[in-house]
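> Sharing a structure below in structure tokens format, with a few things to ask.
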Amino acid sequence: MRSGHRLGYLPRHRLGRRFGWLWGAYGTSALGTWLAFGAFPLIAIRVLHAGPVEVAALSSVGAAVGAAVAVPLGPWVEFRRKRPVLIGTDLVRFAALLTIPAAFALGVLSFLQLLLVSVVVAAADITFRAASGAYLKTLLPAEDLLVANARFESTAWTTTIIGPPLGGVAIGLLGPVATVVADAVSYLLSALGIRAMGGHEPPPEHREAARMRAGDLLDGWRYILADPTLRPLFFNTVFFNGLVMATSPLLAVLMLGRLGFAPWQYGLAFAAPSIGGLLGSRLARPLVTRFGQHRVLVTAGTLRALWPVGLAFPGPGTGGLLLVIGVELGLIFCCGIFNPVSATYRLERTATDRVARTLSAWAVTTKASTALLTAVWGVLGGLLGLRTAIGLAAVLLLATPLLLPTARLKCVR
């Protein structure tokens, strides 16, 4: 560590005008997403009078089918210029979401339309992430990737803090369809921001075969599984994210039902701890500078697995609420450190001509496994009880640090 650089006080790093546009576009679309958080289930319940099975399908089936649709898009994106793909996926999401208020205004909105839109948005989300990771690696030198990913992570947690409360006010005043309009407009603004970046993008690699073959669809997974450092990180991410998200519906039922918390208390329990993610993301770069990338990755990845055990034990009243807030604060703080370091680790390890396929395979697996584990834990919650099912997931999470990479990273260009 250079002299004079105390932990958390590294000088601000400038990444250039083009990254500034990309960062601004990401922040705009992220804010729109959180403004519309929960809008689809609310529309299904309030406007279409859907039941719990349909609402659950809207979240799980939409994500799973969207992930399946995105499978061939990863190899396709790899051999295309990434900036037009980013603009195109933003415009696809803008157009798809805008059909909902249009159909609502005409009185023809249906549950099937909500489901189809959720599939399109999920597939476009995965494609956008794959293209943006590949584009970022060509936009910035390797030494700037952690700074960039930390800024994205910081922005993600900031919008998580401010988006749902503002969206809640908008829903209360204007209804859930209004927040879908805001989300759609955010993607349009994101596309305009990426369009305004300008500059030259290196030409993509040429495909050897004229047409995509069936085997090409598995290229991303082959690359991940063949790499001794990406493989454990991949399984760690898939299982950790899936198990954490699988218990969210059970925790909602426990807190809002049996423990009798008000909806605003439940929202507070998960919004306030997001400050921990903001703080963690700002510490990621100073910690890596001082202790090294691999040590921070393993330490933060281990610590984040310890916190969810506490979610099996909240009681009613203020004490139970504070317990959930404290557990979530610790969990999110560790995730705020881990996520940008992991994203940088993954980009540095992946060859430039493989990034889009690798990130697409990563995102498809994460979304599909989360949907599957959420369904499985819903069944376990009914069979074993809410606390037992949450505790079982927490115990399994304790084993996820064993999947973290043991070998130190070697950068691949």
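> Name the residue from Ala122, Ala363, Leu259 whose Cα lies farthest towards the positive end of the charge dipole of the chain, charges +1 on Cβ of Lys and Arg and -1 on Cβ of Asp and Glu.
Ranked along the dipole, the leading option is Ala363.
> Right, here's the next one. At q = 0.12, 0.24 Å⁻¹, what is the log10 ratio I(q)/I(0) for the range 129-197, with the Debye formula run over Cα points and no solvent?
Debye output, listed in q order: -0.47, -1.13.
> OK, next. Quote the relative contact order of the range 264-366 in percent (integer), defining contacts as alpha-carbon pairs under 8 Å separated by 6+ residues.
Answer for the range 264-366 is 41 percent.
> Related question: Please compute, over every Cα-Cα pair in the range 84-209, the percentage with a separation greater than 25 angstrom.
Details: 2896 of 7875 pairs.
The share of Cα pairs beyond 25 Å in the range 84-209 comes to 37 percent.
> Separation between the Arg46 and Gln113 pseudo-spin-labels, each 7 Å from Cα along Cα→Cβ, expressed in nm?
1.7 nm
> Taking the Cα of Ala252, stepping 7 Å toward and past its beta carbon, and measuring to each backbone N in the range 173-203: which are under 20 Å?
It comes to 173, 175-181, 183, nothing else.
> Here's a follow-up. Counting only residues 5 or more places away or on other chains, whose amide H sits under 5 Å from the amide H of Leu15 once H atoms are built in the peptide plane?
The list, which skips near neighbours in sequence, is empty: none.
> Scale the Cα Rg of the range 91-152 by the rule-of-thumb value 2.2 N^0.38 Å and send over the ratio, two decimals. Please report the intermediate quantities before stating the final value.
Details: Rg = 17.0 Å, N = 62, 2.2 N^0.38 = 10.6 Å.
The range 91-152 yields a ratio of 1.61.
> Run the Debye formula on the Cα coordinates of the range 123-279, all scatterers equal and no solvent, and tell me log10 I(q)/I(0) at q = 0.10, 0.15, 0.21 1/Å.
The Debye formula, applied to the Cα set alone, gives -0.61, -1.24, -1.57.
> Calculate the all-directions average of the projected area of the chain's alpha-carbon convex hull, and give it in nm². Please list the in-between numbers first.
Values: hull surface 81.7 nm².
Value for the chain: 20.4 nm².
> For the range 242-376, compute Rh as the Kirkwood radius over C-alpha pairs and then the Stokes-Einstein diffusion coefficient at 20 °C and 1.002 mPa s; write the answer in µm²/s, rounded to an integer.
Details: Rh = 16.4 Å.
After rounding, the answer is 130 µm²/s.
> Which whole DSSP H helices in the chain pass both tests: a Cα extent of 20 Å or more along the axis and a mean Kyte-Doolittle value no lower than -1.0? Could the numbers behind the result be given before it?
Values: long enough: 17-35 (27 Å, 0.05); 52-70 (27 Å, 1.57); 82-106 (36 Å, 1.18); 111-139 (41 Å, 1.39); 145-174 (41 Å, 1.00); 176-195 (29 Å, 1.31); 230-246 (23 Å, 1.21); 274-291 (25 Å, 0.55); 317-349 (47 Å, 1.04); 355-384 (41 Å, 1.13).
Those that clear 20 Å and a mean of -1.0 are 17-35, 52-70, 82-106, 111-139, 145-174, 176-195, 230-246, 274-291, 317-349, 355-384.
> May I have the extent of the alpha carbons of the range 191-311 along their three principal axes, as whole Å values ordered from largest to smallest?
60, 40, 39
> Which whole-number percent is the relative contact order of the range 94-247 (Cα, under 8 Å, 6+ apart)?
Working: 45 pairs, mean separation 47.7, N = 154.
For the range 94-247, the relative contact order is 31 percent.
> If you don't mind, another one. Solvent-accessible area per residue for the chain at a 1.4 Å probe radius, Å²?
Details: 18760 Å² over 413 residues.
Computed with neighbouring chains in place, this is 45 Å² per residue.
The values are calculated or read from the model by the stated rules, or taken from the named source; none is laboratory data. Here the structure is a predicted model, which means the values were calculated and not measured. Using ideal geometry, Cβ is built from the backbone for each residue, glycine included, and neighbour counts are taken over all protein chains shown. Accessible surface areas use protein heavy atoms only, side chains included; no ligands, DNA or RNA. Shrake-Rupley method; radii C 1.70, N 1.55, O 1.52, S 1.80 Å.
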